[in-house]
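Following: one structure in structure tokens, then a few remarks.
The values are calculated or read from the model by the stated rules, or taken from the named source; none is laboratory data. Computed from a predicted model, the values in this text were never measured in an experiment. Ideal geometry is used to build each Cβ from the backbone, glycine not excepted, and the neighbour counts take in all protein chains shown. Ligands, DNA and RNA are stripped out before the accessible areas are found, and what is left, the full protein with its side chains, is counted by its heavy atoms. Shrake-Rupley method; radii C 1.70, N 1.55, O 1.52, S 1.80 Å.
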Amino acid sequence: MIAGEASGDLHGGNLAEALLQMDSSLQIVGIGGSEMRRAGVDVRFDSARLGIVGFSEVISKWGTIWEGYQTAKKILQEGCDLLVIIDFPDFNLRVAKFAKTLNIPVVYYIGPQLWAWRKGRIKTIAKRVDKMLVIFPFEESFYRNANVPCEFVGHPLLDEAERVLEAPFSKDHYLGELGLSPAMATLGLLPGSRKTEIERLLPVMLKTAEQLSQQGMPLQILIPIASTLSQAFVAHFTRECSLPIRFVIGEIYSVLRASDAVIAASGTVTLQAALTQTPMVVIYKMSYMTYRLARLLIDLPSVSLVNIVAEKAIVPELIQDEATPDKICRKIKTILSDRVRYDKMRDDLGDVSEKLGIGGASHRAAVVICQMLHSDKSAQK
């Protein structure tokens, strides 16, 4: 089982847990992080080391990527009955190619967003993947039309979200426990799970928060820290910020429920915010070369998953040069000062949550994987 970043590690951990509940004799080995370790995976290479985004970043971390790839090859050569790859397409599809040389079946859980960009990769997937397990309903027909075996299992975020969100939660109590004021506006800053994202996005987010405060909107800040990052690394960027800041590890849904609004990096976390109906502004910055190439390759009017699933623009998106403190500040002020607009965004986010379906994705994916494992063993006999 191979996951390449924090969200993949989370979903890999839930999947591994479901697999081991179905068959406790399974041995799961691979690349991942703390969530996969917690679930019982023998992690041979830490996915935090692979946390990159964009074309230029690959060049600077090529040595680490190569080391991870060699680790994956070694695991497969030791003898595996099945390879499960999770997201992280450029790396995982190369591992899948090697697996096919060893006649190891490949399941791709949470595949690349081919419907958004680089659609030509579907030919590569057809050659290297035996089964796609997809998380958005519209993906199933996309793959099947290309003759790729595919099954829609639902979005894995709902597994964790249902467990967490069903539990009682008091915003006032939570903020009080952190030493913050329930009476003050709380802004969540969600800068991502990769070091490059923190470096590019967190300073902009902090400047936005300070600007809001200077314009008469007193704020306190919550920053959740991904499992792939250290608190010391994130805290380094906040040293000169004068606002009250609290770092929270492993409590993303509590941060979202306690925040009046959030500034979020484009990615999975925007769907998590949708599940809690937390109003947001979505931003993103990448290297110039990566951005220019992405502009040529991406074939969608929106970049945030929330707007893509909604099929309309319900949250503001500020990308690259548009993601300035001035522009983000104006968007946040509009959201927080206009109650009608605020409530409308919450209602629209609730609709996105409904479109994602019901929980149980990890269980459904595990059923398919176990069936493939057992049918393959039966064929070998």
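At a glance:
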item: Helix-derived mean residue ellipticity, 222 nm - over the chain, DSSP H n ≥ 4, -39500 (n - 2.57), to 500; result: -15500 deg cm²/dmol
item: Leading residue at positive end of dipole, the chain (Cβ point charges), from Ile358, Ala258, Ser227; result: Ser227
item: Cβ-based charge dipole, segment 108-193, positive-most Cα from Ala126, Pro168, Leu180; result: Ala126
item: Candidate lysines - alpha carbon under 25 Å from Lys100, same-chain residues fewer than 8 apart omitted; result: Lys73, Lys74, Lys119, Lys123, Lys127, Lys131, Lys377, Lys381
item: Area accessible to solvent at Tyr174, 1.4 Å probe radius, in Å²; result: 30 Å²
item: Cβ-based net charge around Ile28, under 14 Å, with every Lys or Arg adding one and every Asp or Glu removing one; result: -4
item: Solvent-accessible ranking of Met22, Met345, largest area first, probe 1.4 Å; result: Met22, Met345
item: Highest to lowest packing among 181-190, 129-138, scored as the average C-beta count within 10 Å; result: 129-138, 181-190
item: Accessible solvent surface per residue of the chain, calculated while the other protein chains remain in place, 1.4 angstrom probe, Å²; result: 45 Å²
item: Net charge over other residues, Cβ less than 13 angstrom from the Cβ of Asp159 (K, R count +1; D, E count -1); result: -3
item: Dipole magnitude (debye, nearest 20) for the chain, charges at Cβ of Lys, Arg, Asp, Glu; result: 1100 debye
item: Calculated FRET efficiency for the pair Ala146/Ala167, C-beta based, R₀ 41 Å, to 0.05; result: 0.50
item: Accessible-area composition of the chain, carbon plus sulfur, in percent [1.4 Å probe]; result: 50 percent
item: Gyration tensor verdict on segment 160-231 (Cα atoms; rounded if a/c is under 1.5, prolate if a/b is larger than b/c, oblate otherwise); result: oblate
item: Label-reachable residues, segment 190-227, where backbone N falls under 19 Å from a point 7 Å from Ser242's Cα toward its Cβ; result: 203-222
item: Set of lysines near Lys171 by C-alpha distance (under 28 Å), chain-local residues within fewer than 8 positions excluded; result: Lys207, Lys331, Lys333, Lys344, Lys355
item: Per-pair calculated FRET efficiency, R0 = 30 Å: Ala313 and Met289 via Cβ, rounded to 0.05; result: 0.65
item: Segment Arg121-Gln27, length gained on full extension (0.36 nm per residue, minus Cα span); result: 30.8 nm
item: Virtual spin-label span in nm between Thr324 and Val340, 7 Å along Cα→Cβ; result: 3.0 nm
item: Dipole moment magnitude, nearest 20 debye, segment 161-287 about Cα centre, only Lys, Arg, Asp, Glu C-beta charged; result: 320 debye
